[in-house]
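This report concerns only the one structure given below.
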Amino acid sequence: MARSSRVWLALGLAAAAVGAALAWRAWDDAPATTAPGAPAPIDAPVAPDVACAAGDAAACERAGDAAAQRLDWTTARARLTTGCDGRHGPACRHLGELELRGLGGEANPVAATRRFATGCDLGDLASCHALGVARRDGVGVPRDLTGAAGMFARACGGGQADACNDLGQALVVGAGVAVDLPRARELFLAACEREVLVACRNAAIRLDAEGGDPARIVALLTKACDGRDAPACVALGERHLRTTPGPADPVKALGFFDRACLHEDGAGCNRRGVAAERGQGVAKDVEAAGALYARACELGDGAGCANLARVRGGSVADNLALYQRACDLGVGGVCADLGRMYADGRGLPKQPATALALFERGCERGSAVACRNAAILYFRGVGASVDKARAQALFTLGCQGGDAPSCAELRR
């Protein structure tokens, strides 16, 4: 029940209690008799804490939820522990969520995952979904993509729309399950109908990849964006810069980037900065672009960090912290560029081992060039001992990523 609903319910109960007290005073001297055929008095509802103490596990879950609404995490954790020990699945799940986040006590991901498993065994499908997420992400348990997909399928089959979205994502990339793009699309669409907004965006991505109806794609993204899914707003902005069902509209695109940035999405702020720097739909303003890039970087967007370093000017060494943050945040191309500078001693001290580490990080983040450069260093024994098997594997990754020189090395 929403918090506001609980408040109104509490107010209603308070009013009823006052009325009951007045009625008692009015009839205090009356004989304690009941008219023939009158209904029996209705017992007052038992407070969740009282019912919990009497052994009602479901009431313990309600008492824990009420304590959480008051931000009394210690009491919430205690009540939910009692409920879970009493074999109430939702209580186990909520307890696991507190243990995972360290609310009301120490954070304990291992214990949290055990709670999710218990809740799932007790038939709480949302617990099955939570267990799947833990297995997928390796939180509290070793990473197990096959086990995660199984949990997502179980929860999805029982009507957990969020789990259907996660199962769809696994089907797209083959994470613990065979790739099945048509089924993934249908799962995304079904979850979207049940108001899982990220699923609306995922459905739009699949339809776009399949050459689907542009109007339907825009409708799905609009639903997600209107529901405050910021990446969907960014995607709408990108479409309006190119084409939608109609001609490109840079001014309208800016509105979507602004919405994403206001929702504290770093990619939206970065994209709005790019528009300001290039004069897309607005007069060129490099100073404004820099402020937007700074905000994007603060929000964890690596491209924003790299763009901020670029518009600030100065040497790479002057902006090394920004470039390093961009690499750490997943911009593989920046990792590759930094690695090249450390490898050559160009703008930065020559440090082959540091260069190799950056190339490998860039490769992990999707830079095929970084994969090739790391392979070359392993092949030559620069920054590490010669490892031709590792070099071969990295050339393969580079080739698979579309780097033609990597493919040429494999043919030698």
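Read the figures in this text as sums done on the coordinates, not as results from a lab. Since we're looking at a predicted model, the values are computed, not measured. So basically every Cβ, Gly included, is an ideal-geometry build from the backbone, and we count neighbours across all protein chains shown.
What the table shows:
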| quantity | calculated |
| --- | --- |
| Sites excluded, GluC sites (Glu not before Pro) in DSSP loops with at most 14 other C-beta within 10 Å, longest stretch of the chain | 265-412 |
| DSSP-assigned coil residues among trypsin sites (Lys or Arg not before Pro) in region 147-226, each with at most 16 further Cβ atoms within 10 Å | Arg194 |
| Difference of contour (0.36 nm per residue) and Cα-Cα distance, Arg194 to Ala283 | 27.9 nm |
| Global form of region 152-224, assessed from the alpha-carbon gyration tensor, a/c cut-off 1.5 | oblate |
| Reported label for calculated mean projected area of the Cα convex hull in nm² given [x] 20.9; [y] 30.0; [z] 83.0 | [y] |
| Rg to Rh, two decimals, where region 282-412 supplies the alpha carbon set and Rh follows Kirkwood | 1.06 |
| Contour minus Cα-Cα distance for Leu262 and Cys407 (0.36 nm per residue) | 47.9 nm |
| Kirkwood hydrodynamic radius over Cα pairs of region 59-103, then Stokes diffusion coefficient at 25 °C and 0.890 mPa s, in µm²/s | 255 µm²/s |
| Mean Cα-pair separation over length for the chain, i.e. relative contact order, pairs under 8 Å, 6 or more apart, % | 5 percent |
| Cβ-Cβ FRET estimate between Leu71 and Thr396, R0 fixed at 41 Å, reported to 0.05 | 0.20 |
| Residue-span extension gain [Ser315 to Ser385] - 0.36 nm each, minus C-alpha spacing | 22.0 nm |
| Distance between modelled label sites at Ala54 and Asp226, nm, 7 Å Cα→Cβ extension | 4.7 nm |
| Over region 269-391, relative contact order from alpha-carbon pairs under 8 Å, at least 6 apart, % | 15 percent |
